[in-house]
Structures are given as C-alpha cells and as structure tokens.
1. Output yes when any residue across segment 196-210 is surrounded by fewer than 21 Cβ atoms within 10 Å (Cβ to Cβ), part of a helix (DSSP H, G or I) and in contact with a helix residue (DSSP H, G or I) (Cβ under 9 Å, 6 or more places away or on another chain), and no when none is.
2. Scanning segment 96-123 for residues that are more than 20 Å from Leu72 (Cα to Cα) and not acidic (Asp, Glu), which turns out farthest from the ligand (Cβ to nearest atom)?
3. What's the number of the only condition in (1) in contact with a strand residue (DSSP E or B) (Cβ under 8 Å, 6 or more places away or on another chain); (2) surrounded by 22 or more Cβ atoms within 10 Å (Cβ to Cβ) that Ile229 fails to meet?
4. Quick check: is even one residue across segment 240-247 of a type in the set (Phe, Trp, Tyr), in contact with a Lys or Arg (Cβ under 8 Å, 6 or more places away or on another chain) and either surrounded by fewer than 18 Cβ atoms within 10 Å (Cβ to Cβ) or more than 22 Å from Thr90 (Cβ to Cβ) (or both)?
5. Could you tell me whether segment 274-293 includes any residue that is modelled with pLDDT under 95 and among the aliphatic types (A, V, I, L, M)?
6. Determine whether segment 36-47 contains at least one residue that is surrounded by 19 or more Cβ atoms within 10 Å (Cβ to Cβ), at pLDDT below 95 and either within 16 Å of the ligand (Cβ to nearest atom) or assigned to a loop (DSSP other than H, G, I, E, B) (or both).
7. Considering only segment 52-88, how many residues are hydroxyl-bearing (Ser, Thr, Tyr), under 24 Å from Lys237 (Cβ atoms) and surrounded by fewer than 22 Cβ atoms within 10 Å (Cβ to Cβ)?
8. Before we move on, is Gln137 in contact (Cβ under 8 Å) with a residue 12 or more places away in the chain, under 19 Å from the mean Cα position of the chain (by Cα) and surrounded by fewer than 18 Cβ atoms within 10 Å (Cβ to Cβ)?
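The values are calculated or read from the model by the stated rules, or taken from the named source; none is laboratory data. Given the structure is predicted, the values throughout are model-derived calculations rather than measurements. All Cβ positions, even for glycine, are placed from backbone atoms using ideal geometry, and neighbour counts span all protein chains on display.
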Amino acid sequence: MSTPDRPTEAKTREDDDEFARKAGIDLSAEAQHTTPAAPATGAAMASPIFKLEDVGVQYGGVPAVEKVSFELIEREITAFIGPSGCGKSTLIRCLNRMNDLVPSATVTGKVMYGDQDLYADDIDPVQVRKVIGMVFQKPNPFPKTIYENIAFGPRVLGMKGNMDEIVEGALRKAALWDEVKDRLKTNAFGMSGGQQQRLCIARCLAIEPSVILMDEPCSALDPISTAAIEDLMIDLKERYSIVIVTHNMQQAARVSDKTAFFNVAKVEEGKRVGNLVEFAPTDKIFTNPEDERTKEYVTGKFG
Ligand code: ADP
C-alpha cells in the first residue's frame, strides 16, 4: 500500500497559477471584466437559470454537437444522458465557458445565464467559472492539505470572513466535515476517492458558486461513494442549480428532476453529429418518452 505524499504547500506563483486555473480562479490583476451576476433567486423558484438557443460546438470546424435549445430551471438537477460521443461533455463545458480552454473549439448559438449572454465580449470567462463551478470525472485535489484545498480559492479571491469557518462550512455542505475534521492538516491525497471527490465539491462550494456542473462525477467511484455523492447532490439542490453528465441511467433517474437525452445522428457518409433528442421531466423520459430513440436508449436497446 502506498503512503500518501507529505503535503507540499505551493510556494511559487507558477503553482498558484496552476491551482487557480484548475479551480477556475483568476489571479491576475488584469481580470477586470464583468463577473456574471447570479440571476435573482428566491422570488420565482421555477425561473430559468440557463437558456440555450441553437447552441453548437465545432472542434477545428468539425461539428461535435449542434442545434441544442433548452431551458434549465434554477435549483433543479438536470441530467445529460446519451451514448458516448453524443456531445454531453462538450455541451456541459459550454455552460461555464470551459470550452474556451480548448483552442480548436468554437461555440455558436446563444447561452444565456439569467439575462446575461455568457459569451458577450465583456464577460470574463474566468469569472464565469467562479460563479458556475465544475467538478470533473476524476477527483483532482491539489497536492496540499485538506484545509488548504478549501482555503486556497477564498484566499486568492480575497473573500472576507474567518477562514476556519469558511473551510468548515464548505466541508459541512459537502457532507465531509465529520470524516475529516480531525485531520484537516493532512494531505488530501490520503483520502479515499469518494472523499476526494466530495473535497472537490467542497472546494467548488467554498467560492460560493450559484451553479455546479458535474461531468460524470461518480464514474471513478465505488457504489458506496457514488451513493454518498448522489445524496449530497439532492441536499445541495436546495441552494444550487446542478447539471450532471452521467453514463449511468439509474443515477439520472435517481437524482435528476429533468433529463436531456442526446444522440449521435449521421448527417452524411462518415459524418456524425450529436444532437438533443428529448428534454423533459426525468419521470417522463424514463417511463413515457415522446421519441422512439429515447425509448430505445432508456430501455437499453442501444448505447
Ligand atoms: P460525450 O461526452 O457525449 O461522450 P464528447 O462531448 O466528449 O461526448 O464528444 C463529442 C464529440 O466531440 C466526439 O466526436 C469527440 O470525439 C469530439 N471531441 C470532444 N472533445 C474534443 C477535442 N478536444 N478535440 C476534438 N474533438 C473533440
């Protein structure tokens, strides 16, 4: 069994830049663009948080997914399902401008966050990623202590408040506090995979996002850790809007309010493009879908 590395605190600006990039934080003083304000909350619980109009993404001019239009509702969990290669990850990355980091990617159409165009010239993509956080398939804690993993973002962003309380609050929200409160100063790499993923969720929550995007957050986890993350998602949706890409249809059925089913269509010989087939309440997608392709997918006939 390997011993976890001792914590290595980042000492250099290069390390900090790398950590900040992973956490979606901009350290540069030049980042003076607009931060998208979270849409007003509370008054209307069913207000759309995202509105996509005819969104498409090309890589090097080759369409990966196209003609996607839908509205995502605040404080709901929306699941993206569909066979591999239909553009689920590509599309979720449009929701916090993560595709900007892929030089060959071009996004067309309109992505509205509340009443702001996320791709408007004056919107800073790095600030977008602070408000719209992301958790990845593979847990990616920093090589730092548990405490520092959480404190890093709030500190570099100059967030006000008592850091111990910020760290505790984020770990509590991620249902991790009781498991780690006695070892906050130990390296995050000593945690189990499931705990590391909840730490990444806590890290995301510490910088107070409004939306959490999760790209297959459980695919590297065992069933018990998966169940813990699913329970956590259901708790978190009281305060956050969540979008999850999942290969696991049972997971989509268990946790989500709405489901978007994507498929890959052949547009011409040798050319296949992802598209949205059906977007509906999860119950409907799984029990009474409109589209025959959805029915075949959810009943396991393909994919
Ligand atoms: P899914 O998440 O549904 O499996 P992806 O969004 O990963 O689908 O991929 C959709 C299509 O875009 C696939 O054809 C894939 O090969 C292509 N693709 C994804 N990322 C890149 C990239 N960085 N460069 C070029 N093509 C990509």
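1. Checked against the condition, which is being surrounded by fewer than 21 Cβ atoms within 10 Å (Cβ to Cβ), part of a helix (DSSP H, G or I) and in contact with a helix residue (DSSP H, G or I) (Cβ under 9 Å, 6 or more places away or on another chain), segment 196-210 yields no hits at all.
2. Step one: of segment 96-123, the residues more than 20 Å from Leu72 (Cα to Cα) are 100-106, 121-123.
Now restrict to residues that are not acidic (Asp, Glu): 101-106, 123.
Numbers: Leu101: 10, Val102: 5, Pro103: 9, Ser104: 6, Ala105: 7, Thr106: 11, Ile123: 22 Å.
Checking each candidate, the answer is Ile123.
3. It fails just one condition, (1).
4. Step one: of segment 240-247, the residues of a type in the set (Phe, Trp, Tyr) are 240.
If we keep only those that are in contact with a Lys or Arg (Cβ under 8 Å, 6 or more places away or on another chain) as well, we get 240.
Narrowing further to those that are either surrounded by fewer than 18 Cβ atoms within 10 Å (Cβ to Cβ) or more than 22 Å from Thr90 (Cβ to Cβ) (or both): 240.
Yes, that holds for at least one residue.
5. The first filter runs over segment 274-293 and keeps only residues modelled with pLDDT under 95, leaving none.
No: zero hits.
6. Residues of segment 36-47 that are surrounded by 19 or more Cβ atoms within 10 Å (Cβ to Cβ), as a first pass: 36, 39.
When the remaining residues are screened for being at pLDDT below 95, the result is 36, 39.
Of the ones still in play, those that are also either within 16 Å of the ligand (Cβ to nearest atom) or assigned to a loop (DSSP other than H, G, I, E, B) (or both) are 36, 39.
Yes, segment 36-47 contains a residue that is surrounded by 19 or more Cβ atoms within 10 Å (Cβ to Cβ), at pLDDT below 95 and either within 16 Å of the ligand (Cβ to nearest atom) or assigned to a loop (DSSP other than H, G, I, E, B) (or both).
7. Our first condition is that a residue be hydroxyl-bearing (Ser, Thr, Tyr); within segment 52-88, this holds for 59, 69, 78, 84.
With under 24 Å from Lys237 (Cβ atoms) added as a condition, the list becomes 69, 78.
Then keep just the ones that are surrounded by fewer than 22 Cβ atoms within 10 Å (Cβ to Cβ); that gives 69.
So the answer is 1.
8. Numbers: in contact (Cβ under 8 Å) with a residue 12 or more places away in the chain: yes; under 19 Å from the mean Cα position of the chain (by Cα): yes; surrounded by fewer than 18 Cβ atoms within 10 Å (Cβ to Cβ): yes.
Considered against the rule, which asks whether it is in contact (Cβ under 8 Å) with a residue 12 or more places away in the chain, under 19 Å from the mean Cα position of the chain (by Cα) and surrounded by fewer than 18 Cβ atoms within 10 Å (Cβ to Cβ), Gln137 comes out as yes.
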